[in-house]
């Protein structure tokens, strides 16, 4: 096709030259007059141009003393004659030519609209003197990167421990470079001994992929021309379900509520449910409540089963089950009868101070520790315990009054004893006086 265009353009060029009355036996256009004139010369070099694809570009060729000679433009790499004088030879509609008639040195402009990558290369401006005079300018077309989806990987699903190869091809000018990253900015585990945050190259190979490698991978193509582009490739890793049970033996008293837990890992997402030891599936009701929440990563699930108002029939084995197309698994939790937690009275600040008084005969422990946890401020005190607590305070006050006397200073205790003896003597004297009066009254 290029050769046909070239031949057609050459025929048009010869016809054009013939119509001008010049010889076409060589690539030099010879004037039809015998008048000797000064030979034309280029006055400026053609500047090289770098242009993004899709823009317009203009090349300038300035000549002095052109006289009756002609200026032609050619695309050197394509061997294509584009324009001669004011005429466009090529059939490319994006090519045009203009010149400045009022310029002292005539300047011929080659215009290329909507530049494409194939327009890059050397452009030759030629004057048809006896020995053709030529000069070149270079058009460098830069093209932003573009990822070729037909040659790049798409979303894939693989089995755990298999090898994975991801490909990413891109076009552009200059040729783009490819880098790989994970969408969540975590490391790429190339193999057991190599983990990187970024990998360069068209191909990314992961050896023995695991569930930890599941997620989106970004192929990023870039060159010196903005913008960079990226393609997201989702890698799904399938594996059979796994279970983790925090507490396999759970004690609960009668008439209490209890919540059982299971943690699953599976991909594709598993079907999760609970069963009794007889195999019957447990459904939501007034008795049971089942809940599930997706964890991080998304292949993890938190299962919860709440049993309300536990009765004797609820004790025994309960199973949590997980199934997906890759397999299934289950785990057991044994529910047994336990005694209710006991409560202890919680002293108030005032009572606590009374009990800690060294003069008191009542010794009470300041707090109580159950299973390694301090329940000092978390024990519920029934009303009867509060009443008992008040009685203890009254006893404490009574005994403290008796002990307070023993704690007086010696002088005070001595004075108190003398005071008591004086009071006793006065009572005795008063009694004797009364008896004497009674005896005298008898004699009368």
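The values are calculated or read from the model by the stated rules, or taken from the named source; none is laboratory data. Worth saying up front: this structure is predicted, and the values here are computed from it rather than measured. Cβ placement follows ideal geometry from the backbone for every residue including glycine, while neighbour counts extend to all protein chains displayed.
Per the conditions (1) surrounded by 13 or more Cβ atoms within 10 Å (Cβ to Cβ); (2) at pLDDT 90 or above, the sole criterion not satisfied by residue 105 is (2).
Take residue 150 and tell me if it is on the phi < 0 side of the Ramachandran plot and loosely packed, with under 14 Cβ neighbours inside 10 Å. Outline the logic, then answer.
Values: on the phi < 0 side of the Ramachandran plot: yes; loosely packed, with under 14 Cβ neighbours inside 10 Å: yes.
Judged against the criteria, residue 150 is a match.
Residues that are surrounded by 18 or more Cβ atoms within 10 Å (Cβ to Cβ), over 18 Å from the mean Cα position of the chain (by Cα) and not assigned by TED's automatic domain parsing to the domain that holds residue 118 occur at least once in the range 193-202.
Among the residues of the range 219-234, those identified as more than 15 Å from residue 156 (Cβ to Cβ) and surrounded by 14 or more Cβ atoms within 10 Å (Cβ to Cβ) are 220, 221, 222, 223, 225, 228, 229, 230.
Hey, among 301, 264, 259, 290, which residue is surrounded by 15 or more Cβ atoms within 10 Å (Cβ to Cβ) and under 17 Å from residue 317 (Cα atoms)? Give the derivation first.
Numbers: 301 fails: under 17 Å from residue 317 (Cα atoms); 264 fails: under 17 Å from residue 317 (Cα atoms); 259 fails: surrounded by 15 or more Cβ atoms within 10 Å (Cβ to Cβ).
Checking each option against the conditions leaves just 290.
Filtering the range 127-148 to residues that are more than 19 Å from residue 56 (Cβ to Cβ) and touching a residue at least 60 places away in the same chain (Cβ under 8 Å) leaves 127, 128, 129, 130, 131, 132, 133, 135, 136, 145, 146, 147.
Hey, any hits in the range 127-135 for a residue that's closer than 30 Å to residue 171 by Cα and either in contact with a helix residue (DSSP H, G or I) (Cβ under 9 Å, 6 or more places away or on another chain) or not assigned by TED's automatic domain parsing to the domain that holds residue 172 (or both)? No, the range 127-135 has no match at all.
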